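Notes to accompany the following structure.
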Amino acid sequence: MVFWKRLGSSMVLWAVLLFALFTLGNLASWALTLLISSIALAEFYDILAQRGMKTFKFGGLLGGAILLSGCWWHGQYEPKFLAIFQMLTLVCFVIGVFIRQLPQDKNPEAIETIAYTLLGLMYIPFLISFIPQINYLYPKEVYGTGNIGMLFVFYVVAVTKCCDIGAYLVGRTMGRHKMTLRISPNKTWEGAFGGIVFSLI
């Protein structure tokens, strides 16, 4: 039951994003991806905080917003420099986090704080920033056709959802061999292969 609730909520979320991407245009798509990324990253940092793991939450959220917004802007107006912008932003963020840590003499977990903050940025905004990169993969002014990139974004979402469904169905019906008890006690190797097969189909 929990799976179907999670699947349903994620399907609704992606459906809204795809609707904005296909019908409302770039500004709405940027706003939605920024909102989704910021909420997810804030939740990630809050989970770490509940376990006593310190992060630079505000800095992480700011860095994620800059990274994602810049990728949308460069994808639309300067696609040739998109990858350069992405890498430079990450380098500047790493340096900024190290500088942010310097005055905190009483923090005994300096390296951990830096690592957790960087992990949040790489795990959520960095990965989501590939949506505009895929979206602008084949610019209309270059290839003379419609925005083919949007179809590839849809493809990525569809394959991911098929993997979720396949892994659940096969895992529930045929799963016998546990995969990673430390991460999730219900994951099985059969379910993992089922997800791959459904994705391929």
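The values are calculated or read from the model by the stated rules, or taken from the named source; none is laboratory data. Remember, predicted model here, so these are calculated numbers, not experimental data. Methodologically, a virtual Cβ is constructed for each residue, glycine included, from the backbone with ideal geometry; neighbour enumeration extends over all protein chains shown. Just the protein is used for accessible areas: all its heavy atoms, side chains included, with ligands, DNA and RNA removed. Shrake-Rupley method; radii C 1.70, N 1.55, O 1.52, S 1.80 Å.
For the reader, a short list of remarks on this structure follows.
- Lys, Arg +1 and Asp, Glu -1 on Cβ, resulting dipole of region 82-167 about Cα centre, debye, nearest 20: 180 debye
- Set of lysines with alpha-carbon distance to Lys80 below 27 Å, sequence-local pairs under 8 removed: Lys140
- Computed over the Cα atoms of region 143-194, pair by distinct pair, the Kirkwood hydrodynamic radius stands at 12.6 angstrom.
- R0 of 35 Å, Cβ-Cβ distance Gln50-Ala83: FRET efficiency to nearest 0.05: 0.50
- Rounded percent of accessible protein surface that carbon and sulfur make up, the chain, 1.4 Å probe: 72 percent
- The residues of region 78-167 present an accessible area of 60 Å² per residue when probed at 1.4 Å with all protein chains retained.
- Accessible surface of Asp105 - all protein chains present, 1.4 Å probe, nearest 10 Å²: 140 Å²
- Kyte-Doolittle mean at least 0.0 and Cα axial length at least 27 Å: DSSP H helices in the chain: 26-50, 57-77, 82-101, 148-174
- Met179 contributes an accessible area of around 80 Å² to the protein surface, as traced by a 1.4 Å probe with all chains present.
- Listed by chain and number, the lysines placed with their C-alpha closer than 16 angstrom to that of Lys178 are Lys187; residues fewer than eight positions away on the same chain are left out.
- Within the shell defined by Cβ-Cβ distances under 13 Å, the residues around Phe56 carry a net charge of +1, with Lys and Arg each +1 and Asp and Glu each -1.
- Excluding same-chain neighbours fewer than eight residues apart, the lysines reachable from Lys106 by a Cα-Cα span under 21 Å are Lys54, Lys57.
- For region 18-73, the solvent-accessible area of protein heavy atoms averages 52 Å² per residue (probe radius 1.4 Å; ligands and nucleic acids excluded).
- Under 5 Å between amide hydrogens, built in the peptide plane, is the criterion, and for Thr188 it picks out Met179 among residues at least 5 positions away or on other chains.
- Spin-label pair Leu151/Gln104, simplified geometry with 7 Å Cα→Cβ offset, distance in nm: 4.7 nm
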